[in-house]
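Asks: Pasting a structure here, questions to come.
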Amino acid sequence: MTRWPNTALLLSVFVPLAGCEPQGGYDQASYEQLEAANRQLQADNAALHSQLTEQAQLNMYTVAADLLFPPGAFDITPRGQAALNDILARLRGLKNSKIVVYGYTDDERIGGASLKKQGITTNMDLSSKRADVVVNYLRDHGVNPNILSAKGRGDTHPVASNSTPEGRARNRRIEIVVEGPGT
């Protein structure tokens with residue numbers, strides 16, 4: 001997660017400098033550096049506000065793939081069905097939104113002959129198949145199929161380091177993202 005500086009504190013220091021002439025202790029170069037820093041902080045603040053506005057319009061549900069699927073597979077487990085059922089109630093009535101199901105994996109190589117026989121040879125294949133299976137489950141349980149889509153992202157966009165078992169487990173996930181007004 002990106003850590004933003006405390007822009008309110010920084011702006012309280014730099015904003016009063018706007019429109020001021022250099023005074024004792026500041027030479028023109030120092031003053032110009034402070035002005036440039038002030039402009040950058042104002043731009044950063046505007047970008048942060050834009051991101052926060054976008055996030056407010058975005059509902060996201062993240063479910064651990066280890067809960068949804070058996071290891072190295074894509075059939076939804078009973079516990080996974082229960083987790084999806086908890087989310088279903090919030091998704092069924094949506095009409096003016098778009099629901100995108102993103103599948104993610106860790107960076108471990110795909111193993112198992114059974115997956116390979118089914119055409120699953122890469123993490124991208126597995127994440128795509130898992131996202132498709134979740135979309136089908138949501139559709140079969142009353143979510144409007146016209147607003148559903150699936151996207152596999154494989155081992156891209158990790159949320160934790162793949163160097164530990166815990167990190168790899170966090171990276172194996174399904175994200176259900178509601179884009180738009182949520183109505």
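Asks: Among the residues in the stretch 41-60, are any over 30 Å from L126 (Cβ atoms) and at pLDDT 70 or above?
Replies: yes
Asks: Something else now. Quick one: would you say G152 is within 15 Å of V101 (Cα to Cα), crowded, with 19+ Cβ neighbours inside 10 Å and within 17 Å of the chain's Cα centre (by Cα)? Walk me through it before giving the result.
Replies: Working: within 15 Å of V101 (Cα to Cα): yes; crowded, with 19+ Cβ neighbours inside 10 Å: yes; within 17 Å of the chain's Cα centre (by Cα): yes.
Criteria met by G152.
Asks: Also, I was wondering about something else. Restricting to the stretch 133-149, name every residue that is surrounded by fewer than 15 Cβ atoms within 10 Å (Cβ to Cβ) and more than 22 Å from D75 (Cα to Cα).
Replies: Within the stretch 133-149, N146 is the sole residue that qualifies.
Asks: Somewhere in the stretch 129-141, is a residue in the same structural domain as V63 (by TED's automatic domain parsing), of a type in the set (D, E, K, R) and more than 16 Å from A65 (Cβ to Cβ)?
Replies: yes
The values are calculated or read from the model by the stated rules, or taken from the named source; none is laboratory data. No experiment lies behind these values; they were computed from the predicted model shown. FYI the Cβ positions are ideal-geometry reconstructions off the backbone, even for glycines, and counts take in every protein chain you see.
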